[in-house]
């Protein structure tokens, strides 16, 4: 049988949770007093939504093949991402064989170099790329992980991100990652409160449970070094994550030299493409790379990033992106565990990460997901028909909803 071609491409938006997981109702832990690059301004310190972290919404990319098979993926991008997909990227997708993933990625990336390379453009490219992998796997009747070489272990192990590491321990996770609440602008009192919270969680979780701090690009080198040393030496902090702005490779290299022996430095959530991660690797900026598969360039680029990291002896633990990273992690030895982002308002329930946008999304039980839970074709999930999709632009009227 001839390989199907891609007949239609559609870019749509969704609001409320899901891929844009900061798009939550008031009172959600992910929007509470968390240290950010904007925390230097008191008026933007209490809520991340106050400075617009939730403005984009979810970007949905749908690809329909000539045989009627539909692949899709979610990322962050909203109307801006839709415009890029429909008005620029679509020309490199429509009419191509569903197997032409490498060529499509290369053309999308090089055609957008003059205004892309990172950020919203790479989000859009990532969304198209993930939809291509979903489509190809469905055409072949296989899970995406089978296209990546198949599982190298029988199950995925997880750490949990949220405000309740003690709950994570109760649920069988291997560790709990806290959001840092106070940055340099809150001076010594803020540092004291950060360490006090860590001390409280260490007491609740015991000495052997992993505890980590996610600093979300908000610190300077001096503050990050002080926090890391005290947090590790007194409370056994396993790693400090994304402590500095993502472009400060020199600062990360210095931080990694400064932290106590045995403590890990993690970053890369807001990095993109093999070239950005090559800087992190060659400058010895970190021990753990954390690309988000929906932002770094998709599965196609994540494979290259992982190969680079493996050659440098570094771990790749993707930023929480549900099934889109699970299918990758299960196939890679240098990705020994995965992140579960707890999206319940109080971080005290186990709920699907991309709820309500995805159906059939697996969640950890006792901190684990068996490989068999990822065996449905494609990424193994469906769009929730109850969610209201909006297509703001259309480059293909015959494929419009």
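Derivation of every value follows stated rules applied to the coordinates shown; laboratory data play no part. Every value quoted in this text rests on a predicted model; they were computed, and no experiment measured them. Note that each Cβ is placed from the backbone with ideal geometry, even for glycine, and that neighbours are counted across all protein chains shown.
Mind telling me which of 20, 129, 106 comes out most flexible in a GNM of the chain, alpha-carbon contacts under 10 Å?
Greatest mean-square fluctuation among the candidates belongs to 106.
Roughly how far apart, in whole Å, are the Cα centres of the stretch 43-99 and the stretch 178-240?
35
Run the paramagnetic zone check for residue 229: 7 angstrom along Cα to Cβ, then residues of the stretch 185-210 with backbone nitrogen under 17 Å.
188, 191-192, 195, by backbone N distance to the label point.
With the chain treated as a Gaussian network of Cα nodes joined by springs under 10 Å, which of 96, 169, 203 yields the largest mean-square fluctuation?
Evaluated over the chain, the most mobile residue of the options is 203.
Out of all DSSP beta bridges with both ends in the chain, state the antiparallel percent to the nearest 5. Before the final figure, lay out each step's value.
On the way: 23 of 45 bridges.
Looking only at bridges with both residues in the chain, the antiparallel portion is about 50 percent.
So what's the angle, to the nearest 10 degrees on a 0 to 90 scale, between helix 273-282 and the longest Cα principal axis of the chain?
Once rounded, one gets 30 degrees.
Taking the chain as a Gaussian network, where each spring joins two C-alpha atoms under 10 Å apart, which residue of 77, 172, 27 fluctuates the most?
Answer for the Gaussian network model of the chain: 27.
At q = 0.09 Å⁻¹, what log₁₀ I(q)/I(0) does a Debye calculation on the Cα points of the stretch 147-374 give, no solvent, two decimals?
Calculated log10 I(q)/I(0) at the listed q: -0.35.
Counting helices only, and only those DSSP H runs with n ≥ 4, report the 222 nm mean residue ellipticity of the chain as the sum of -39,500 (n - 2.57) divided by its residues, in deg cm²/dmol to the nearest 500. Walk me through the intermediate numbers first.
Working: 11 runs with 127 residues, N = 401.
Value at 222 nm, helices only: -9500 deg cm²/dmol.
Provide the gained length on full extension for the span residue 348 to residue 51, in nm with one decimal, where the gain is 0.36 nm per separating residue minus the Cα-Cα distance.
Working: separation 297, 0.36 × 297 = 106.92 nm, distance 2.63 nm.
Once the chain is fully extended between residue 348 and residue 51, it gains 104.3 nm.
As a footprinting exposure proxy, order 207, 46, 238 by other Cβ within 10 Å, with the fewest listed first.
Numbers: 207 8, 46 13, 238 20.
Result, fewest neighbours first: 207, 46, 238.
Using alpha carbons only, how many degrees (0 to 90, rounded to 10) separate the axis of helix 249-258 from the longest principal axis of the chain?
Approximately 40 degrees, to the nearest ten.
Cα-Cα pairs above 26 Å in the chain: how many percent?
Numbers: 41066 of 80200 pairs.
Considering the chain, 51 percent of its Cα-Cα pairs are separated by more than 26 Å.
Please give the Cα centre distance for the stretch 256-302 versus the stretch 312-367, rounded to the nearest Å.
The two parts, judged by their Cα centres, are 18 Å apart.
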